[in-house]
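The block underneath contains the structure these notes are about, expressed in structure tokens.
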Amino acid sequence: MSVDMLDTGIDVPEVVNLVFFKQVRSKTKFWQMMGRGTRLCPDLFGPGQDKEFFRVFDYCQNLEFFGANPEIKEASAAKSLSARLFAARLDLVRALDEKDSAAGGFAAPEQQPYEAPGNRPDPPSLEEVCAGALAVLRETVAGLNLENFIVRQKRRTVEKYQVDQAWNNIDDEARDELVSDIAPLPSSRELGTEEAKRFDLLMFQLGLALLKGSKRFDTLKKQLLEIASALEDQTAVPGIAAQAALIEEIQTSEWWQGVNVPLLELVRLRLRNLIQHIEKGRRAIVYSNFADEIGPGEEIDLPQVGEADFARFKAKARQFLRGLSGNQVLDKLHQGKPLTRYDLVELERLLLEAGIAGPQDIERAREASRGFGRFVRSLVGLDRSAVSDAFGEFLSHGAATHQQIEFIGLVIEHMTEAGSMDPALLYEAPFTDIAPTGPEQVFEEGRVAALIARIREISESAAI
């Protein structure tokens, strides 16, 4: 038997060989594993031949280490996501209370706050942010079941904070008590999916870093920019498309110049339930390289590095290109007409001469979108009327059904926003919400082939 196969709850008296092929530094875990070999087993080797010994094959010097009887301090268990989120939300409430007390009331922000274009709703006030976070904390404590054997061990503390007056003044002592005793307990108060909770944690940490002027702010800012960039590539999802304007604003320098806690809370509330739609390929990848001996170094390419810089470049390029009018190449691209190599050179020249991009940005954009024309079209999109005309024939032959109209409407919506489309998406949500088995459920086989051909024709019109 091997390390990590003989942890708590395992009892196999027949074990006579233990293999340590991993370094162990937990005294409790080491003696748990050794104890599996000491189990008695009558008649193991035959009638009357009981188990009298066991062998240990140790390749990592664990026996030598523990044989020296070292003083080891057992590592504490890692805090759960819910516990860390509870602590971050509590710290934000305390920081806002301190700001309130210092200013004699919630003062206006020192910098000019960002004003969103259009008629979008205003973000919540500082008082509303503080009250909302405090309400969730109190509901979490109220959701602790005193009959639960885990909660029962902290019953006195739980009952203390189930009283409203206990939350009037959360000093350092109360904070430590809440974080150490209350936060780890299981509550019936639901906080959403794991992705939503992780996003909440990021946004609360951003708010705290902003209020306290922490050096972590830039690191957390990059994480939010990467999330916004990943969401921007999923605008075919209706929920994300509805927040497209906000997602674009987050990636502009003007938004960050006027950022404040209410704006961060608005982002948290609008995007927390959309994070689950981010493609798994865009999430962080962990590379591991295990070897028996230390060998030469190996370079590992992490595609996520520089993602925030590329997101800023995309935001600037989008704003610049959408502000141009009367450019023939952009008009051709916007109308879905084929481009020439000269057109691509002209597009690159526009961005280079305007100082929006450097040669490395152009190259990365070309690689990311499999062509620079595809990249630019993903920024400026397609003209809706041109796309509608291109797919009009699929609805003109006879009376189109409600499903066909809705299905083609989704195709038009996606291509108008993204500028191109992979036909494989026809077999994924939101298209499968209309036709669970794919477009064949809505159109005849010949019409499906024609639909896919038309999608490819428009998508490839931006490529050379």
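Can you tell me the accessible area per residue over segment 207-269, all protein chains present, probe 1.4 angstrom, in square angstrom? Write down the numbers at each step before the final one.
On the way: 2480 Å² over 63 residues.
That works out to 39 Å² for each residue.
Go ahead and run the numbers for FRET between PHE149 and VAL16, Cβ-Cβ distance against an R0 of 41 Å, rounding to 0.05. Efficiency for this residue pair is about 0.60.
Just need the relative contact order of segment 208-277 here, percent rounded to a whole number, with Cα pairs under 8 Å and 6+ apart. Computed over segment 208-277, the figure is 32 percent. Sorting 369-376, 324-331 by average packing, meaning the other beta carbons within 10 Å per residue, from highest down gives 369-376, 324-331. Note: segment 115-195, Cα convex hull, 139 Å³ per residue. Annotation: per residue accessible area for segment 334-464 equals 51 Å², rounded to a whole number [probe 1.4 Å, protein chains only].
Within the accessible surface of segment 323-464, defined with a 1.4 Å probe on protein heavy atoms only, the carbon and sulfur portion equals 50 percent. For ASP43, the accessible surface of its heavy atoms amounts to roughly 90 Å² (probe 1.4 Å, protein chains only, rounded to the nearest 10). Counting protein heavy atoms only, segment 181-225 has 47 percent of its accessible area on carbon and sulfur, 1.4 angstrom probe. Which entries of LYS79/LYS197; LYS221/LYS316; LYS215/LYS314; LYS316/LYS337 have Cα-Cα distances beyond 22 Å here? Going by Cα-Cα distance, LYS215/LYS314; LYS316/LYS337 fall outside the 22 Å limit. Per the Debye formula on identical point scatterers at the alpha carbon atoms of segment 306-429, with no solvent, log10 I(q)/I(0) at q = 0.17 Å⁻¹ is -0.90. Taking the average, over residues, of other Cβ atoms within 10 Å as the packing measure, peptides 48-59, 231-242, 258-269 rank 258-269, 231-242, 48-59 from highest down.
Measure off, as a whole percent, the carbon and sulfur share of the 1.4 Å-probe accessible area of segment 228-274, all protein chains present.
Values: 740 of 1440 Å².
Taking all protein chains in place, segment 228-274 shows 51 percent carbon and sulfur surface.
Quick check on segment 108-262: what are the equivalent-ellipsoid semi-axes from the Cα gyration tensor, as sqrt(5λ), descending, whole Å? Before the final figure, lay out the partial values.
On the way: eigenvalues 233, 73, 42 Å².
Taking √(5λ) for each Cα gyration eigenvalue gives 34, 19, 15 Å.
Magnitude of the charge dipole for segment 134-277, about its Cα centre and with charges confined to Cβ atoms of Lys, Arg (+1) and Asp, Glu (-1), is about 300 debye.
In terms of overall dimensions, segment 361-464 has a Cα radius of gyration and Dmax of 14.3, 48 angstrom.
The values are calculated or read from the model by the stated rules, or taken from the named source; none is laboratory data. These figures come from a predicted structure and were not determined experimentally. Using ideal geometry, Cβ is built from the backbone for each residue, glycine included, and neighbour counts are taken over all protein chains shown. When the accessible area is computed, the model is the full protein with side chains, heavy atoms only, and any ligands, DNA or RNA have been set aside. Shrake-Rupley method; radii C 1.70, N 1.55, O 1.52, S 1.80 Å.
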